[in-house]
Amino acid sequence: MASILTIPVSSFYNSYSQAKSQNPLNNMIITKSCPPTKPLSKEELWNHFLKCDADGDQLLTKAELKDAFRKLGAMIPGFRTWEGLRCADGNKDGCVSRDELTNLIQFVHNLQYTSISDK
Ligand SMILES: [Ca+2]
Ligand SMILES: [Ca+2]
């Protein structure tokens with residue numbers, strides 16, 4: 001009696017799992033529903049902005065900031081540069097110094113960028 005019942009159940013299960021693994025839609029759904037959208041950490045942003053100090057003078061100029069925002073994937077890097085300077089440039093010299101960088105990182109961190117392009 002038991003063997004009569006188990007045969008159809010297990011054969012149904014086998015064909016079900018086979019069909020499931022062969023269905024390309026399963027893989028598509030998995031990749032679509034799990035995009036890697038973890039925002040960059042403050043440490044990652046800090047390193048990124050230090051790297052964007054192209055001439056190494058410890059000051060981030062407008063051009064260097066604009067390049068940094070572009071690499072973060074900002075839609076309008078010039079606008080983010082203006083916002084960043086307004087938020088971080090305490091002495092209003094148009095550049096972000098090492099002391100002012102903490103405020104800039106706080107501002108950029110809130111924008112939740114998720115990746116850095118190296119181009
Ligand atoms: Ca510089
Ligand atoms: Ca400044």
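The values are calculated or read from the model by the stated rules, or taken from the named source; none is laboratory data. In this text the structure is predicted, and so the values were computed from the model without any measurement. Every residue, glycine among them, receives a Cβ derived from its backbone with ideal geometry; neighbour counts consider all protein chains shown.
Quick check, is L50 at negative phi, within 20 Å of the chain's Cα centre (by Cα) and either surrounded by fewer than 16 Cβ atoms within 10 Å (Cβ to Cβ) or not in a helix (DSSP H, G or I) (or both)?
yes
Mind counting the residues in segment 80-119 that are assigned to a loop (DSSP other than H, G, I, E, B), of a type in the set (D, E) and assigned by TED's automatic domain parsing to the domain that holds D57?
Going through segment 80-119 one residue at a time, the tally reaches 2.
Take segment 84-119 and flag every residue that is more than 15 Å from ligand 2 (Cβ to nearest atom) and surrounded by fewer than 18 Cβ atoms within 10 Å (Cβ to Cβ).
Q106, H109, N110, L111, Q112, T114, S115, I116, S117, D118, K119
Quick one: what pairs do we get from segment 33-52, first residue closer than 20 Å to L104 by Cα, second modelled with pLDDT of 95 or more and among the small types (G, A, S), C-beta under 6 Å, 6+ apart or different chains?
F49/A68; C52/A68
Of all residues in segment 69-79, which are under 12 Å from L45 (Cα atoms) and assigned to a helix (DSSP H, G or I)?
F69, K71
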